[in-house]
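Laboratory data are not the source of any read-out in this text; all were calculated from the coordinates shown. The shown structure was predicted, so the numbers you read here are calculated from the model rather than taken from an experiment. A quick note on method: Cβ atoms are made from the backbone with ideal geometry, for glycine too, and the neighbour counts reach across all protein chains shown.
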């Protein structure tokens, strides 16, 4: 029970002390000093977490408990603990005190990213600890009126109602425009609501905050990725990484950004860094596999990727690697990867149509218009409601002067009925592949390893004709 009758120590706020305090500490002597100061203001329930797994249980059980963490447990475990106790976009404002040896860049970066209330450095004295406790209590009381609104926003996000969450957070942001946390929650909600222009303006402002706000940098990096400004995204993610090198989502995002600008070796280092921190992390293994594909290690990558990916995921990874390869002019590698990807999804015609379309884009960039035309016609045969493929087939057919009735789309007489109106060629790859309607990943065809060959056949060989029969 909280001792509310005991007079507060000198300099201590009259705010109610916390009923519970959780410690995550290596140094027992220092922990005992801190516990005694909490006792002196009326706290009676103390919980000692030996590791982050135990901490997760305690924060779930004691939702209003203050948390005190010792940086001495290691930067990685501190980051893990804060991800558990103060996850981003959570309605909880848990008061957190971090005890650190000094205010180095990583201490400040981690503290800012996970909403640490106070950071103590230097000598531990009774007066300073009581000042921290008073501040924690004041912060808890100040944010209590916001709890209902934050909870409403969090619940809306859970059920996928990003627009409602955004409306709630917009009101909070208007009231508290200087709160980095509320501003970041609002920017992320705008991203989820697909309002990227608005989100970008806010995320950019957060990236310029001094001292640097780690989460703000991360959000701005996400915006830059969305805008396909990959070089800028790399620089922003690297700045955030200096502040907190243990955020796995950021390492993954940096890896993918580096892949997009063809820095494959550096990208692979980021994915491997994730695996050192969290062995077996699926997204990191897939990232390493994609790097191997771009580097041409197709068979080795396939063996690894099949262990962690469904057939559809495999097709998506191969598609991404093929797009990257063809954009860099490595057309034969891209063609090989597309043949593998197409073999993975023969039971999913809409998805297969997108892969065939992308192969057509690759052939077009490779200055092979006849092969490109064949691909676009195959894509339309697989998905009649695919206007870009239909349109590109028409553009190339006109350019090549071919008989339009060769089209596999339909037995119609006019060019417009087959291909639509004339206009510019749709020349970009489709990178976001659709999920097959009515077909689950485990119903897709398995990849045959013997189909992996470094000398993938052209669209006019027997192998390609076999693929064509499968596709149709």
Checklist entry - Roughly how many whole Å is it from the C-alpha centroid of the range 219-249 to that of the range 47-113? => result 23 Å
Item to check | For 120, 132, 218, order by how many other beta-carbon atoms lie within 10 Å, fewest first | outcome: 120, 132, 218
Checklist outcome for this item: the range 85-236: spread of alpha-carbon positions along the three principal axes, whole Å, largest first, is 50, 38, 23
Checklist entry - Regarding the range 223-343, what is the average projected area of its C-alpha convex hull, in nm²? => result 7.1 nm²
Next on the checklist: Using a 7 Å offset from Cα along Cα-Cβ at residue 269, what residues in the range 199-229 end up with backbone N under 11 Å from the label point?
Outcome noted: none
Checklist outcome for this item: Subtracting the Cα-Cα distance of residue 26 and residue 125 from 0.36 nm times their residue separation yields 33.8 nm
Item to check | Using distinct alpha-carbon pairs, which all enter the 1/r mean, Kirkwood radius of the range 315-368 in Å | outcome: 10.7 Å
Item to check | Largest to smallest principal axis extent of the C-alpha atoms in the range 45-125, angstrom | outcome: 32, 27, 21
Checklist entry - Going by how many other Cβ atoms sit within 10 Å of their own, how do 119, 380 line up, fewest first? => result 119, 380
Item to check | Contour excess over end-to-end distance, with Cα ends at residue 161 and residue 208 and 0.36 nm allotted per residue | outcome: 14.0 nm
Checklist entry - If R0 is 41 Å, what FRET efficiency do you get for residue 400 and residue 249 from their C-beta distance, rounded to 0.05? => result 0.30
Item to check | Volume per residue that the Cα convex hull of the range 147-276 spans, once the total is divided by residue count, Å³ | outcome: 110 Å³
